[in-house]
Amino acid sequence: MNPHRKARLVYRATTLFARLPWPLLRGFARALAWMWVRLDARESRVTRRNLELAYPELDAPARDRLQRDLLRSTALQAIETLRLWSRKPEDNLRLYLKERHGQALYDAALASGKGVIVAAPHYGNWELLNQWLASRGQIAIVYKPPEDEASDAFLQIVRGGHNVQQVRAEGPAVRQLFKVLKDGGATGILPDQQPKAGDGVFVPFFGVQALTMTLVNRLAERTGATVLYGWCERIGPDMEFALHIEPTDPAVADPDPQVAATALNAGIERIARRDPAQYQWTYKRYTLRPPGSGEEDPYATDEHPH
């Protein structure tokens with residue numbers, strides 16, 4: 001089947017599913033999280049290991065409770081995203097964005113003409129944040145394209161539209177982002193994804209050395225763009241969110257990548273600790289280890305080597 005046709009069929013199915021009553025969708029999310037734990041699925045295993053690494057001070061019962069809360073939140077975020085993708089962004093912002101903190105800060109930064117970099121951690125619902133950013137003007141969003149062409153076409157449908165430029169995280173991406181910022185535009189970057197070896201530096205994240213991107217500080221240093229943190233935090237059970245836009249530590253734009261990445265991670269960690277269950281710990285953040293450390297992939301086991 002043609003990938004674009006397949007993507008449109010999936011989008012129609014997504015739209016039908018997302019029209020179900022919210023209590024039913026919320027129950028589906030809870031059932032999905034329960035199944036992850038019951039079957040010891042990848043999501044559950046990775047979350048458990050991440051919490052062991054990031055929250056060593058918690059005893060086993062407390063860590064188990066956080067794991068269950070986090071998986072329920074992750075499943076809920078996935079269902080929320082399907083609903084957001086299947087409705088008009090302006091309706092989503094009107095219905096679900098109950099509070100807006102720092103909106104004037106973003107608007108002022110954009111109006112300055114110096115360019116804006118929004119560092120958006122995997123916290124709360126970043127898809128709603130994308131829609132809000134697009135409502136303020138053009139935004140270039142960096143994303144890692146799926147290997148499957150139909151999946152990529154699906155993302156173009158659900159994330160594309162008015163004011164949104166999707167930039168594939170590949171070779172030409174940096175040049176595209178430089179141009180956007182030099183022209184006084186805005187770009188959104190998920191800063192807590194593990195880059196490829198050679199594209200980042202090792203600095204602490206929750207007390208563990210993590211390979212961290214240097215893209216944010218390179219862009220900020222060379223363009224003079226303002227760097228802001230942005231996130232949409234869940235504040236209620238019925239798709240109720242609060243927007244937060246905050247300034248970053250100026251060190252995020254330091255020419256020394258170690259200094260900049262350390263400052264970037266400190267800000268992300270502060271946001272993630274606001275409500276640990278809303279941070280995406282289902283992602284393998286620490287697979288690559290510092291050269292010469294002798295450390296192995298902390299997620300690898302005999303049963304699950306990768």
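For this structure, a couple of remarks:
- In the elastic network of the chain, a GNM with C-alpha springs shorter than 10 Å, the most mobile of MET239, MET213, MET35 is MET35.
- Beta bridges assigned by DSSP with both partners in the stretch 123-267 are antiparallel in approximately 60 percent of cases.
- For the chain, DSSP calls about 40 percent of its internal beta bridges antiparallel.
- Among the listed pairs LYS88/LYS144; LYS6/LYS88; LYS88/LYS284, those beyond 29 Å (Cα-Cα): LYS88/LYS284
- GNM top mover of PRO250, PRO23, PRO291 - the chain, alpha-carbon springs below 10 Å: PRO291
- By the rule of a C-alpha distance below 20 Å, with chain neighbours fewer than 8 residues away ignored, the lysines paired with LYS114 are LYS179, LYS182.
- Counting only whole DSSP H helices of the chain, the ones at least 20 Å long by C-alpha along their axis and with mean Kyte-Doolittle hydropathy no lower than -0.5 are 3-18, 22-38, 60-85, 257-272.
- Whole-angstrom gap from the stretch 5-63 to the stretch 64-135, using each part's C-alpha centre: 18 Å
- The stretch 245-304 - percent of accessible surface contributed by carbon and sulfur, probe 1.4 Å: 51 percent
- MRE, 222 nm, helices only [DSSP H, n ≥ 4, -39500 (n - 2.57), over the chain, to nearest 500]: -15000 deg cm²/dmol
- Couplings for the stretch 188-202, taken from phi via the Karplus curve 6.51 cos²θ - 1.76 cosθ + 1.60 with θ = phi - 60°, read x, 10, 7, x, 10, 8, 6, x, 6, 4, x, 9, x, 10, 8 Hz in order; Gly and Pro are left as x.
- Applying 0.36 nm per residue to the separation of ARG159 and LEU16 and subtracting their alpha-carbon distance, the gain on full extension is 49.7 nm.
- GluC sites (Glu not before Pro) lying in DSSP loop within the stretch 119-169, provided at most 15 other Cβ fall within 10 Å: GLU147
- For the stretch 27-70: accessible area per residue (Å², 1.4 Å): 59 Å²
The values are calculated or read from the model by the stated rules, or taken from the named source; none is laboratory data. On a predicted model such as this, the values are computed, not experimentally measured, just so you know. Here the Cβ is made from the backbone with ideal geometry for all residues, glycine too, and neighbour counts use every protein chain on show. Heavy atoms of the whole protein, side chains included, go into the accessibility calculation; ligands, DNA and RNA do not. Shrake-Rupley method; radii C 1.70, N 1.55, O 1.52, S 1.80 Å.
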